[in-house]
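Asks: A single structure is presented below for examination.
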Amino acid sequence: MKSIAWLPNWLRAPMASMRSKYRVAIRRRIVVQLARKVPKKIVVGAGGTQFRGWISTEQDVLNLVMESDWATYFEKNSVDAVLAEHVWEHLTPDESRTAATQCFKFLKPGGYLRVAVPDGYHPDASYIDAVRPGGHGPGADDHKVLYTYESFRSVFIDVGFDVALLEYFDERAEFHYNEWNCTDGFIERSKRFDLRNADGALTYTSIILDARKQLDGRY
């Protein structure tokens, strides 16, 4: 759509609002069309990223904590996988558990959720200062929680998931890594894929986990 800068001031705000609503409607239509396909693999809070075989969504189209948003596109127990990279730290503790519950409801038995957040046990003080709530890093002004592997794992265990930790620092500043396949959900801010780690130092890593819904689990 063309620029609206030429419009008089009294028209710009309503025109900008109309354009925003139009863009959301287009994104919703795309998600509806893609959601008919199988397998159903969703990226939440995609931030413009696109992965082959995955449905990218943003908060204004699929709000993690809103069951009505999920139900617009999916039936319960129908989604194969959900991917969320650096999304959960933007939720309050209550919202975090609500979001995990919604994922559990809509994932099919055997489906999984791959999630990454900043790591509260990362040994670099400058990293912690960047990612903590109110920190100086990009987006940290909206961060609500700085998780450790224990506190983050419990979010998903508490709603019924089986949890496998893939990457994290522990309380002794030791880094733990379990092999994971990026085709099951690509996480850029990770040991292997973050370019800040190219020299071999773990400059930027995340807590990464898979939360799997048991085969007999139905909601």
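Asks: Could you run through segment 48-77 and say how many residues are farther than 20 Å from T183 by Cα and assigned to a loop (DSSP other than H, G, I, E, B)?
Replies: Qualifying residue count for the region: 13.
Asks: Continuing with this model, one more query. Could you say which residue among V87, V24 is of a type in the set (A, V, I, L, M, F, W, C) and modelled with pLDDT of 90 or more?
Replies: V87
Asks: When you go through Y204, Y149, Y168 one by one, which is the residue that is modelled with pLDDT of 95 or more, over 22 Å from R97 (Cα atoms) and open to solvent by less than 60 Å² (accessible area, probe 1.4 Å)?
Replies: Y204
Asks: I'd like to check something: does segment 112-121 contain any residue that is open to solvent by less than 20 Å² (accessible area, probe 1.4 Å), within 26 Å of T183 (Cα to Cα), in contact with a Lys or Arg (Cβ under 9 Å, 6 or more places away or on another chain) and charged (D, E, K, R)?
Replies: Among the residues of segment 112-121, not one is open to solvent by less than 20 Å² (accessible area, probe 1.4 Å), within 26 Å of T183 (Cα to Cα), in contact with a Lys or Arg (Cβ under 9 Å, 6 or more places away or on another chain) and charged (D, E, K, R), which makes the answer no.
Asks: For segment 64-83, what are the residues that are of a type in the set (A, V, I, L, M) and either buried (at least 23 other Cβ atoms within 10 Å of the Cβ) or touching a residue at least 60 places away in the same chain (Cβ under 8 Å) (or both)?
Replies: Scanning segment 64-83 gives L64, V79, A81, V82, L83.
Asks: For segment 152-165, which residues satisfy the criterion of being open to solvent by less than 50 Å² (accessible area, probe 1.4 Å) and assigned to a loop (DSSP other than H, G, I, E, B)?
Replies: Correct list: V159, G160, F161.
Asks: If the Cβ limit is 9 Å and pairs must be 6+ apart or interchain, which residue in segment 169-193 that is farther than 16 Å from A46 by Cβ pairs with which residue that is of a type in the set (K, R) and outside any loop (DSSP other than H, G, I, E, B)?
Replies: Correct list of pairs: W180/R114; D184/R114.
The values are calculated or read from the model by the stated rules, or taken from the named source; none is laboratory data. Treat the numbers as computed from the prediction; the structure is a model and nothing was measured. All Cβ positions, glycine included, derive from the backbone under ideal geometry; neighbour counts span all protein chains shown. To get the accessible areas, we keep the full protein, side chains included, count just its heavy atoms, and leave off ligands, DNA and RNA. Shrake-Rupley method; radii C 1.70, N 1.55, O 1.52, S 1.80 Å.
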